[in-house]
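J.: Have a look at this one.
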Amino acid sequence: MTNAHHPVIEATGVRRSYGGRSGSPEFEAVRGIDLTIERGELFALLGTNGAGKTSLMEVLEGLAAPSGGRVRVFGYDPVAERRHVRPRTGVVLQESGFPGDLRVGEMARTWAKTLTNPRHPAEVLDTVGLSDRVDVAISSLSGGERRRLDLALAVMGRPELLFLDEPTTGLDPESRRGAWALVRSLLAEGTTVVLTTHYLEEAEQLADRLALMHEGQVVRAGTPAELVAEEPARIQFTLDTDVRLPVLAGEHAALRSRGLTRHTVTTHALESDLLALLTWSTQERLTLGALDARAGSLEQLFLTIADQSATPQHTNQEVLA
């Protein structure tokens, strides 16, 4: 067993490239990433389209060797020493490709026979809400039901490390909450989870730490609270007259349209600026129309990064270790 004080995953300078043969240009999907994932945490990997998330996940899972750099999972090379790593991991890929003619119960029982210490198939299927679909062919399942089957098989072997690549895609809100509950129960048991997701709420709710990738590099990383705290808040409102606003800590912009002026204040002092505006508007007997004040969010950070080229603010080792 891995020492509880040692990281479950250590990656240094990881690169992954495609092409470069028969005259085709080489494309570098992962461009030198360092990260450390500790035992028992949920680490979320987010990124813009084509950021390299899945390419990096496949390297960490041992499904592909890095083009450069070094990866260790439980202290082993996940490709060269796969026999030491695979029995201790579970994986939910973006697409599983299970035989469509098998029934759900048959697939679960067959999968259990490949595992050393499996959970009972009926127990796991019940956990993901598929106990009433045991005799249904996999080809007849909905997309969300297939995703739940993927998750059931991934956790059946009691993994110490679980990779979840877009695990809740296609799930309805109720099924998604059920999947979250299952992941939380695994974390409580000490399982380490690496998650990729397009659902930012999912990352905010579940992740201990997360990294945002763009163009093959990590551009921001930390706890959800740390990353959101770095983002400015926003206050928006309309006025039907042109007036000078009170002195505010944040930056102010105004746009006149159809007889109204829409004001936007971008600020790191949400409470004080909002109080100043409300006090001023009361004194001036003005109504702040369509008033909307909200703190910074992970979605706001994500959209900001999507509009920028990859320019990491820190080295990967500084932000991820």
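J.: Which one of these does PRO167 not meet: (1) open to solvent by 40 Å² or more (accessible area, probe 1.4 Å); (2) in contact with a strand residue (DSSP E or B) (Cβ under 7 Å, 6 or more places away or on another chain); (3) within 27 Å of GLU28 (Cα to Cα)?
T.: All conditions are met except number (1).
J.: Based on this model, can you work out whether GLU95 counts as over 17 Å from LEU162 (Cβ atoms) and either touching a strand residue (DSSP E or B) at 6+ places or on another chain (Cβ under 7 Å) or among the charged types (D, E, K, R) (or both)?
T.: Considered against the rule, which asks whether it is over 17 Å from LEU162 (Cβ atoms) and either touching a strand residue (DSSP E or B) at 6+ places or on another chain (Cβ under 7 Å) or among the charged types (D, E, K, R) (or both), GLU95 comes out as yes.
J.: Given the conditions (1) at pLDDT 90 or above; (2) within 26 Å of ARG209 (Cα to Cα); (3) not polar (S, T, N, Q), which single one is not true for MET107?
T.: Only one criterion in (1) at pLDDT 90 or above; (2) within 26 Å of ARG209 (Cα to Cα); (3) not polar (S, T, N, Q) is unmet by MET107, namely (2).
J.: Within region 252-311, can you find the residues that are in contact (Cβ under 8 Å) with a residue 12 or more places away in the chain, of a type in the set (S, T, N, Q) and open to solvent by less than 50 Å² (accessible area, probe 1.4 Å)?
T.: THR261, THR264, THR267, SER297
J.: Let me ask something else about it. Any idea which residue in region 47-64 is most open to solvent (accessible area, probe 1.4 Å), counting only those that are out of contact with any Ser or Thr (no Cβ under 6 Å at 6 or more places or on another chain) and among the charged types (D, E, K, R)?
T.: Checked region 47-64; the qualifying residue most open to solvent (accessible area, probe 1.4 Å) is GLU58.
J.: For region 132-164, which residues satisfy the criterion of being modelled with pLDDT under 90 and more than 21 Å from ARG119 (Cα to Cα)?
T.: Within region 132-164, SER142, GLY143, GLY144 meet the criteria.
J.: Moving to a separate point now. Of all residues being within 23 Å of LEU301 (Cβ to Cβ) and assigned to a loop (DSSP other than H, G, I, E, B) in region 225-251, which is most open to solvent (accessible area, probe 1.4 Å)? Just the residue, please.
T.: In this case the residue turns out to be ALA249.
J.: In addition: Examine region 78-89 for a residue that is open to solvent by less than 70 Å² (accessible area, probe 1.4 Å) and either assigned to a strand (DSSP E or B) or small (Gly, Ala, Ser) (or both), and state whether such a residue exists.
T.: Yes, that holds for at least one residue.
J.: Among the residues of region 131-167, which ones are over 25 Å from the mean Cα position of the chain (by Cα) and either of a type outside the set (Val, Ile, Thr) or within 22 Å of ALA44 (Cβ to Cβ) (or both)?
T.: Across region 131-167, the qualifying residues are SER131, ASP132, ARG133, ASP135, ALA137, SER139, SER140, LEU141.
The values are calculated or read from the model by the stated rules, or taken from the named source; none is laboratory data. Computed from a predicted structure; not experimentally measured. Cβ atoms come from the backbone with ideal geometry, glycine included; neighbour counts cover every protein chain shown. Accessible surface is based on the protein model in full, side chains and every heavy atom, while ligands, DNA and RNA are left aside. Shrake-Rupley method; radii C 1.70, N 1.55, O 1.52, S 1.80 Å.
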